[in-house]
Amino acid sequence: MKSSQATAVREDTASRGTVGEVFLAFLKLGLTSFGGPIAHLGYFRDELVVRRRWLDERAYGDLVALCQFLPGPASSQVGFALGVLRGNGLLGGIAAWFAFTMPSAIILFAFALGAAAFTGPVAQGLLHGLKLVAVAVVAQAIWGMARTLTPDRTRAGIALGAVAIVVIFTGSFGQVAAIAIGALAGLWLCRAGSAPISGHLSFPVSRRSGGVALVSFVALLVVPPIVVSASGSQGLALFDAFYRSGAFVFGGGHVVLPLLQAQVVTPGWVSNEAFLTGYGVAQAVPGPLFTFAAYLGAVMGPPPNETVGAVIALVALALPGLLLVYGMLPFWDGLRSRPIAQAAMRGANAAVVGILGAALYNPVWTSAVLTPHDFALALAGFLLLAVWKTPPWIVVVLLALSGTVLNLI
């Protein structure tokens, strides 16, 4: 009886709206949300909880907990789930994701098409400065994640083990193995401190629809590699590479960097220079970091590329996270209170810190920090982000201009 009353109260605080209202609200957020996933969650709270009162604080906290628990881009998943809630179903979720994603995707796509025109010392200095931005941003992400996700010796040890795994077993196999082994280690070593979490959320998603979404997630993870090996389709291989990366991203958008690097740089689809340049530009635009996929799909060497490649890459990278959150909405209350699930996630998140730490060295550091001047600029960018809390777009501008000046001296 108490549970039913709590659910009813939560439904009253989250009254339904229209798909059009959802689209316009998230378009505004997509145009103005700078600063990465944590900042995006703050923008969502201010606009949709405080100002528009789509749901209450406790309901919003429950929703953020769900999206942090699942792999995928947390801010995009929260936005998608809010769209489902307010727009009364799947169409509202799609409208929210599309409106929040498109502004930055269009900017990065346009940059990708014009990147070939960047020639000469000024352009080369600018592009090198953007690579140094990637060093600063990834270092700052590791710094923050390590304090939160590896606060004790046990989880620090899991992170160190993940570094060893990805160094020994290069490519996507090593990264997926590190996350899986980290989760297993968490089940064994990280049970202390697990506690039930209270709260209820009611979404217009049936258990049957949720089950279909979860089965679709698994099918798209298993079937495409088999078809690619039989047919050799490059378009399907592109979809599979980005879908697989999106399916194993725990801990925030920056974690997609090593996964995508293994999928597109290692086979030679995208050069390491173009990869890091696009990643640097992605720090300067609003919206989710996952729109970096639109840039990669556009600059891809083998076709499909340009417009078709950008659409395939963008949708494939986001799709697993959206399928998972939609599928879990009707089941979340029962799962999240289990200590075993909390322990596994502690271990997986610690492994993510190790994977990102390995990526900071290769390919980020080795490709960008070539001189003592580069080191000084990268360190300055890191301190601006981590100590002075400077907005990322300002750091992008400063390092890009500094790289240009150094290349002209």
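Specify which of the listed residues (D333, D374) is at pLDDT below 80, among the acidic types (D, E) and more than 20 Å from the chain's Cα centre (by Cα). Don't jump to the end; show me each part of the working.
Numbers: D374 fails: at pLDDT below 80.
Criteria check complete, one pass: D333.
If you check T266 against the conditions, is it crowded, with 18+ Cβ neighbours inside 10 Å, of a type in the set (V, I, T) and out of contact with any strand residue (DSSP E or B) (no Cβ under 7 Å at 6 or more places or on another chain)?
Numbers: crowded, with 18+ Cβ neighbours inside 10 Å: no; of a type in the set (V, I, T): yes; out of contact with any strand residue (DSSP E or B) (no Cβ under 7 Å at 6 or more places or on another chain): yes.
Criteria not met by T266.
Run N305 past the list (1) surrounded by fewer than 21 Cβ atoms within 10 Å (Cβ to Cβ); (2) within 18 Å of S233 (Cβ to Cβ); (3) out of contact with any Leu (no Cβ under 8 Å at 6 or more places or on another chain) and report the number of the one that doesn't hold.
The one condition N305 does not meet is (1).
When you go through L126, L66, L82, L130 one by one, which is the residue that is modelled with pLDDT of 85 or more and either in the same structural domain as I394 (by TED's automatic domain parsing) or in a helix (DSSP H, G or I) (or both)? Walk me through it before giving the result.
Working: L126 fails: modelled with pLDDT of 85 or more; L66 fails: modelled with pLDDT of 85 or more; L130 fails: modelled with pLDDT of 85 or more.
From the options L126, L66, L82, L130, the qualifying one is L82.
Confirm whether S172 is out of contact with any strand residue (DSSP E or B) (no Cβ under 6 Å at 6 or more places or on another chain), within 17 Å of S245 (Cα to Cα) and at pLDDT below 95. Don't jump to the end; show me each part of the working.
Values: out of contact with any strand residue (DSSP E or B) (no Cβ under 6 Å at 6 or more places or on another chain): yes; within 17 Å of S245 (Cα to Cα): yes; at pLDDT below 95: yes.
Spelling it out, S172 is indeed out of contact with any strand residue (DSSP E or B) (no Cβ under 6 Å at 6 or more places or on another chain), within 17 Å of S245 (Cα to Cα) and at pLDDT below 95.
Suppose we filter R45, R53, R58, R10 for residues that are part of a helix (DSSP H, G or I), modelled with pLDDT of 75 or more and over 21 Å from V315 (Cα atoms); which single one remains?
Working: R53 fails: part of a helix (DSSP H, G or I); R58 fails: modelled with pLDDT of 75 or more; R10 fails: modelled with pLDDT of 75 or more.
Unique residue meeting the criteria: R45.
Restricting the search to the stretch 227-274, which residues are farther than 25 Å from A146 by Cα, modelled with pLDDT under 90 and among the hydrophobic types (A, V, I, L, M, F, W, C)?
A274 - this is the single residue of the stretch 227-274 that is farther than 25 Å from A146 by Cα, modelled with pLDDT under 90 and among the hydrophobic types (A, V, I, L, M, F, W, C).
Of all residues in the stretch 221-274, which are more than 20 Å from the chain's Cα centre (by Cα) and not in a helix (DSSP H, G or I)?
Of everything in the stretch 221-274, those that are more than 20 Å from the chain's Cα centre (by Cα) and not in a helix (DSSP H, G or I) turn out to be G232, S233, T266, P267, G268, W269, S271.
The values are calculated or read from the model by the stated rules, or taken from the named source; none is laboratory data. Quick caveat, the model's predicted, so the values are computed rather than measured. With ideal geometry, Cβ positions are generated from the backbone for all residues, glycine too; neighbour counts draw on all protein chains shown.
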